[in-house]
1. Mind checking the per residue accessible area of the protein assembly as shown for me, 1.4 Å probe, whole number of Å²?
2. Can you work out the Karplus-derived ³J(HN,Hα) for every residue in region A:148-162? Use 6.51 cos²θ - 1.76 cosθ + 1.60 with θ = phi - 60°, whole Hz, and x for glycine or proline.
3. Using only Cα positions of region B:678-848, each an equal point scatterer, no hydration layer, compute I(q)/I(0) via Debye at q = 0.12, 0.15 Å⁻¹ and quote the log10 values to two decimals.
4. Given a 1.4 Å probe and every protein chain left where it sits, what share in percent of the accessible area of the protein assembly as shown is carbon and sulfur?
5. Can you pull the mean other chain C-beta count within 10 Å for peptide B:453-466?
6. Sorted from largest to smallest, which semi-axis lengths in Å does the alpha carbon gyration tensor of region B:239-384 give for its equivalent ellipsoid, taking the root of 5 times each eigenvalue?
7. Calculate, axis by axis, the spread of Cα positions in the protein assembly as shown along the three principal axes, and write the results as whole Å, longest axis first.
8. Against the globular-protein guess of 2.2 N^0.38 Å, express the Cα radius of gyration of region A:8-300 as a ratio, rounded to two decimals.
Amino acid sequence: MESLTEDTQRSAEAYAERAGSRKAFFTDTSICIGCKACEVACKEWNRNPQDGDLEVLGSSYDNTGALGANTWRHVAFVEQDQDRIEKARESGRKLVSLGMPRVGPPAQAGAAAGAQDGTAPPDTAEFRWLMSSDVCKHCTHAGCLDVCPTGALFRTEYGTVKVQEDICNGCGTCVGGCPFGVIERRDEGIIRAKTERAQSKYAQEIPNEGTANKCTFCYDRLVDGQTPACAQTCPTTSIKFGDREDMVESARQRVAELHQQGMTEARLYGANPNDGVGGTGSIFLLLDEPEVYGLPPDPRVPTKDLPRMYQRAVLAAGGMLAAVGVSFVLGGRR
Amino acid sequence: MAECHPVGFQWVTEAKQRGARIIHVDPRFTRTSAVADRHIALRAGSDIVLLGALINYVLTHDLWFEEYVRAYTNAATIISEEYQDPEDLNGLFSGYNPEDGTYDKSTWSYQSATGRETVGEPGAETEDDAAEPHEFGAGGPPLSHANVRRDETLQDPRCVFQVLKRHFARYTPEMVEQTCGISVDDFTYLANSITENSGRERTTAFTYAVGWTQHAQGAQFIRTAAILQLLLGNMGRPGGGIIALRGHATIQGCTDIPTLFNLLPGYLPMPEAGQHNTLQTYLDSIGSKKQKGFWANADAYTISLLKAWWGDAATQENDFAYDYLPRLTGAHGTYQTLERMLRDELDGYFLIGQNPAVGSANGRMQRLGMSHLKWLVVRDFSLIESATWWKDGPEIHTGELRTEDIETEVFFLPAANHTEKAGSFTQTQRLVQWRHQAVTPPDDAQSELHFFHELGKRLRQRLAGSQDSRDRPLLDLTWDYPTDAHGEPDPEAVLAEINGFHVSGPDQGEPLSTFNEMRADGSTAGGCWIYTGIYADRVNQSARRKPGQEQDETAAEWAWAWPANRRLLYNRASADPQGRPWSERKKYVWWDDEQQRWTGKDVPDFPVDRAPDARPEPDAGGPAALAGDDPFIMQADGKGWLFAPHGLVDGPLPTHYEPPESPIGNPLYGQQSNPARIVLPGKDNLLAPSALQPGSEIYPHIFTTYRLTEHHTAGGMSRFLPYLAELQPEMFCEVSPEFAAEIGLEAYGWATIISPRSAIEARVFITERVTSLTIAGRRVHQVGLPYHWGVGNEAVVEGDAANDLLGLTLDPNVHIQGSKAAQCAVRPGRRPRGPELTKLVEDLRQQAGLTVETGNERLTVPWGEPQDQPRGEQ
Amino acid sequence: MTRITPLEWPVIRQLRTRDSSGRGAAVTSKKTRETSPRTSDADTVVQSICPYCAVGCGQKVYAKDNRVVHIEGDPDSPISRGRLCPKGAASEQLVNSAGRQTKVLYRAPRSREWESLDLDRAIDMIADRLLTARRKHWEDTDQHGNPVRRTMGFASLGGATIDNEENYLIKKLFSAAGAVQIENQARI
């Protein structure tokens, strides 16, 4: 047994004629305008409750904070000075020269270092404001799915990962299984409003309370051939949706294009099949290190270590059995 | 644009990916700046210096589009010998009257080709007869005739081109740096970008929103951009123009079919007592039959409107019931009405989907005004602050008002929303789009159509049988619209009336297909001439929904654009004087020699068979007087106006003045602020002393107000929605790190912002998105304030209203308030509660020595002593 | 309750299908297998226009049993191509928000509270007050004797989400009543 993580190939085949090609998001943060339409369209379609304390969070224009049980698309706002921008450009340049697979085909990456068509690398701005819409990664090797004891989480025919709220018992095992901190158990009770008077009027019942919740990739739209709500609404097409192969391809093209313009800070996240989760179903074009956007730099599916642990456990168990056997033998002699 | 019109911005994003350069000029760094090629921060209110310097750059570097400018603008037209420029008069134009702050505009006139006399307004015998701007409608000012003197060499020192050169000569990159806080490097980048991207092969577009309009000279901001775009040949061409990004679903429609005091539908003016006592004097004032263009047919448009309203009661004998129209006596805008409220001169007020308690400038004055009403009707979706100020408004908290003392009766009537009624919205590009009804309104909710139709019916019932002539206009009104089972009038029937129809003749009852079919003899009726054609062939053209992907980029079969389904105005200018496209790349509308017609990708905005070389008979007037190369068909001489001889009351050319409240002295002229601005002095509308006067230092900083993507204006449609409220839950201010350090503001803590009107509190966002600037050698700090929050108990989120800080000073052309640049003081921490708040505001007023006159002095240069040497160094 | 056939038992499905690890097709519930978009049972879908800014984005409004169930962008629109900003995307909540007040309310002079009022009665009261104010502040001529034939007794201020047809009736009715103080957000 090579891995205890799910065999996505076989999962796909299990759907037989229903099986579709694997779907993915490509979120191009270089054209994100931070409008948060994705957050709202997601909430509206999925009837997710309003989040938070209705107070300024202290994080630029971000007031929802992070992905969670009720917020399945989250837009981060990052304000950076010139120093930070230069570092981002330099770190991206290093990725290019290392020929890292996450930054596109080497041929194009090589061209990025120098300017083409007389295009000089842009002057480093004194300031920039990064915006990026985060979402569940729908990993190739999905930790949440691997650890779910009830079969509530499953791999859909689109290669996405979804919770079946009618099966989930709210055990929360998946929460620890996600290397991105995406999936979360939805609190019971009603959503708090800022003041008492608002509580009465705007109080909102929580659907699926007590179960694990995260982006469904709008499974209920996919089955009807529709685009997920966030991608459908995105004004600038920063969120693109399609077959994963096509998304990876356009992501690589876009990053090469930006490199040609001298924007070596551009890099891909989630497109590398050799990363700790086997690549993701949500690919991002970032303009700085992943940590800057609140993304783990090197996510690893926890179950990836299971085979090794399993072997050790088997060894240990064998040892134990042997010891027990020995003791029996020895004891029998007594 | 990304901030406030995100979906429109998709086209900018796409253009940028195809190589377009996006430059964002704004005091604050917004979501637009984040994705622009460059953000250029400027001091709020200094735009004319920047735009004027670009004009100067284009002229001095000979970068103007010569063929376009010579043929299509009034560059060659000779101006009156009497005209004197602000360069001659230290900031004033000739003709200023210091008594009432108005200009006699006769010295700004064109010279007549036939002699030395000038070309005035038709019917204006004396200067007292000259019209106020609100009397023009938006049809533009008329000329008595179009036979003007020109110097085609552009060398005559009195020709517009030379006047323009002299006027903007001191608007240099250095002046920009000193006044706007923009570096010479940034200015050069901007100037190079737009000039390199203009000409035959390329066009540059300007987009703006209320950041340009909401100033005491907002109309002139846009005029400056118009001059620049004319010089670069960017008007009437694809990818060019000046695009007004209007803020509301049908704010364009609200101007076209206006609920505005000075306009009738189709930009016909409301009649003014004394000047328009008869139909004839009214019609003469709109357009002379001898001037060029389509305003010469205003008689047909007006009489068709009167026929639409009063039907058979409008006859040739009674001048088509012209006397049924009420008359203006000066301005009756929303702020003048507010002053009347405070004087107890107004009994009743209808608020229809509008929240002035939060959304109008000087919110405290608005709420106090409403407390003087006898009755108030609020029609809205939720209990907005304008409906509840009597129980939970800020003045109840300070004790200035006591609920049990307020006599005002308040009616809250729930309104139907956009899914609960059918009707049309006109979006920002004049595209009229029909909405279909999805559901019926809940409970008591009604559409405005239903409510006002019903109200009208009941008024008429009550007056039935009245012999009082004052009641005739109501009783004779055509008001019998078909209704459905719920009593809702058929909106298409109303649309058909707006479109117009034949009253008599062989086609009686049939809809008109174009406004050219309108007649001045009473044989046609039509409620808004520019919308004629929207119901052509008895088809609701605004409901057309041929998918965009099945059409070319003009998408002419999606909805309907006024006028005549034309998508790009003045598109005759997209071809050269001979009628050929300026370039293959930019071809749009051109002359087809074979067909002897104008053709192209859009409905030509020109008489369709007027050949490029056509020259009118000398005595012709109206559309017949347009030469084949007069693309600006609504202008009285067919030309784009670099210099506006009529139509603006504060100058034929834009000139930089400081905002009424500015800590900076005008670096260009002795005249500090627009001398023709409308002032509304009063104890509830105190202003800070402008620069260099004692007390100015009490309010040393500049604040500006703006919107956020997550909210909608005064919040009536966003703060009551949990999904939007959570995204921007609290009122905040944005300040630079330098300023925060200087006065001790803590990140995400609180600040109190104090103006002469009020004090508010806001969470503090310390960010490099706001820049402190060096202006005329001193550091100037700007405070950014979104204005979506208000004090009340009904919304999901509440907060102090930025508009409470603003004073009222109006643009004299359009009576819009300046709300983009004013003075304030800032202190760390939250504001005091209760009466202490009033005391804080009062303390600062006393320190600054404010009186009702402060900041309201119009003239700041010595009168009658024109100075030889203008201020400022050159 | 629907009966599960033995073939649908998870273990059988796990063997029957190739989903050996039991993390795909084998574990789907009946509800999952019968998933459909919540718009699929809408009884009407109409084309509409977003009521927020002036871009004029196309909307598709889904309704069931005379209730709006969903609003999303209309891909047919050449203006918006199916996209909506956060406000447009929230417009279903504009329709169904708990913050909406759908009944008439009346506040009497000096009263501290709202009271309920019949709609028909409210319109009657407003009509009476309008006529009274109109008469009381009627002017036949200005100070120079020029005819003005107007009332200064009442005024209106409209928002800019009022349909063209509605504005037309407001201007027409109020002008006929002699009112001139008719204003709109477009001035602001």
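The values are calculated or read from the model by the stated rules, or taken from the named source; none is laboratory data. Please read these numbers as outputs of a predicted model, since none were measured by experiment. A quick note on method: Cβ atoms are made from the backbone with ideal geometry, for glycine too, and the neighbour counts reach across all protein chains shown. With ligands, DNA and RNA removed, areas are computed over all heavy atoms of the protein, side chains included. Shrake-Rupley method; radii C 1.70, N 1.55, O 1.52, S 1.80 Å.
1. Details: 48470 Å² over 1396 residues.
On a per-residue basis, the protein assembly as shown sits at 35 Å².
2. Per-residue couplings from phi come out as 5, x, 9, x, 6, 8, 8, 8, 7, 5, 9, x, 9, 10, 9 Hz.
3. -0.56, -0.88
4. Details: 23870 of 48470 Å².
About 49 percent, which is the carbon plus sulfur part of the accessible surface.
5. Numbers: counts 3, 5, 10, 8, 3, 8, 9, 3, 1, 5, 2, 0, 0, 0.
Rounded to a whole number, the mean comes out at 4.
6. Numbers: eigenvalues 214, 90, 45 Å².
Semi-axis lengths for region B:239-384 are 33, 21, 15 Å.
7. 135, 76, 72
8. On the way: Rg = 19.7 Å, N = 293, 2.2 N^0.38 = 19.0 Å.
Ratio of Rg to 2.2 N^0.38 Å for region A:8-300: 1.03.
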